[in-house]
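One structure is given here, and the rest of the page talks about it.
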Amino acid sequence: MNDIALQLYTVRNQLSEDVRGTLRKIANSGYRSVETAGYAGLNPEEFYQIVRDEGLRAVSSHVGWQRLEQDLASVIREAQASDVPTIVLPSLPPQYRASEERYAGAAATMNQWGSALRRAGHEFLYHNHAFEFEELPSQRSGFDVLREQTDSEVVGFEVDIYWVVKAHRNALQLLKELGDRVSLMHVKDIGPPPEEKDLPVGDGLMPWPEVLSGGSLRCFIVEQDHVWGDDVFQDIQTSWTNLNRLLAPTRPGMN
C-alpha cells in the first residue's frame, strides 16, 4: 500500500511557533509519515525525537545544494542516526540553469552525491519545479539533461506533479518515461488559469486518476507551497481525505 506523508514545508510557519503541537495536529489529521525540510530551529536529534514521540516517521528529508556541497558527511550521519532512508535535493541553484552544459555539470555532481549516499545505504532523489522544463538555447530542456546525465543507479526523482502540469508537460508520459526512478511524488492540486494556484488535493483541475496510475510509488507526499485559506490544517486534512479516496480503487480491500 502506498504511504501518504506531509512535506513539513507546508506548515513551516506553524513549526516555527510550536513544533510539538504542529506535529501532533498532523498526526491527528491521519498522517503517519512526514518529509522534513529543516528542523525549525532545533538540532536534528531533538527534532526527530519529537517526530517519533508524536507517532510519526520521516520517510525523506530535503537538503539544499549548499549543504550537500559543503557538508555531505554530516548529512549522511544525520540520516543514519535518524533512520531517514531518502535524501532529496529540492532544487538547483540558478547558476546551473542557464545552459545544457551547466545542467550536465550539476548532474555530474549529483552522481557523486548519489554514489556516496548509496554506499551509506540511502536513496538520493531530485525534486523538480517548472523551470527544468523550459527550453534551453540547445532547444532541449534542463530536465531532459538531468534525466539523461544522472546515473539511474544512484539518482532518482521525486516528481512534483503540480509543477509538471504547470509547465504544460504530460504528467502520465513523464512518469512512464522515468519508470522506477520515481519512488516519491509531491501531490497538490492546480487551480484554473491564469493563476494556477497550488491547492489541496481534490480542490482543483489535476487529472488525478491519470496521474495516480502513472507508476508504482513508495509514497505520495502532500505539499502546498502557499496556503490560500485561513487554516493550513484544514487544507492538509482535505488533501489526506481526498487522496485516500482517490487511491482506494488501487488498494486491495478498499474498493
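The values are calculated or read from the model by the stated rules, or taken from the named source; none is laboratory data. As the structure is a prediction and not an experimental result, all values here were calculated from the model. Methodologically, a virtual Cβ is constructed for each residue, glycine included, from the backbone with ideal geometry; neighbour enumeration extends over all protein chains shown.
Descriptive notes on the structure:
- Top-ranked residue in segment 38-59 [being in a helix (DSSP H, G or I) and under 21 Å from the mean Cα position of the chain (by Cα); ranked as surrounded by the most Cβ atoms within 10 Å (Cβ to Cβ)]: Val51
- Of all residues in segment 14-37 being under 18 Å from His186 (Cβ atoms) and among the hydroxyl-bearing types (Ser, Thr, Tyr), the one that is surrounded by the most Cβ atoms within 10 Å (Cβ to Cβ): Thr36
- Look at segment 231-255: where a residue is more than 11 Å from Val201 (Cα to Cα) and surrounded by 15 or more Cβ atoms within 10 Å (Cβ to Cβ) and a partner is at pLDDT 95 or above and small (Gly, Ala, Ser), sitting 6+ places away or on another chain with Cβ atoms under 7 Å, you get Phe233/Ser29.
- When residues of segment 60-90 are limited to those that are crowded, with 18+ Cβ neighbours inside 10 Å and small (Gly, Ala, Ser), the one farthest from Val182 (Cα to Cα): Ser82
- Evaluating Asp71 against the criteria (1) free of Cβ contacts under 8 Å to residues at least 24 places away in the same chain; (2) in contact with a Phe, Trp or Tyr (Cβ under 7 Å, 6 or more places away or on another chain); (3) more than 25 Å from Gln224 (Cα to Cα) leaves one unmet condition, (2).
- Applying a threshold of 6 Å to beta carbon distances and a minimum spacing of six or more residues, or different chains, the list of pairs starting in segment 96-121 at a residue that is in contact (Cβ under 8 Å) with a residue 24 or more places away in the chain and ending at one that is of a type in the set (Ser, Thr, Tyr) and assigned to a helix (DSSP H, G or I) reads Ala106/Tyr96.
- Selection count, segment 122-146, where residues are surrounded by fewer than 15 Cβ atoms within 10 Å (Cβ to Cβ) and in contact (Cβ under 8 Å) with a residue 60 or more places away in the chain: 0
- Flag if Arg147 is in a helix (DSSP H, G or I) and within 19 Å of Glu177 (Cβ to Cβ): yes
- Just one of the listed residues (Val11, Val84, Val34, Val88) is within 30 Å of Asn244 (Cβ to Cβ), assigned to a loop (DSSP other than H, G, I, E, B) and within 15 Å of the chain's Cα centre (by Cα), namely Val84.
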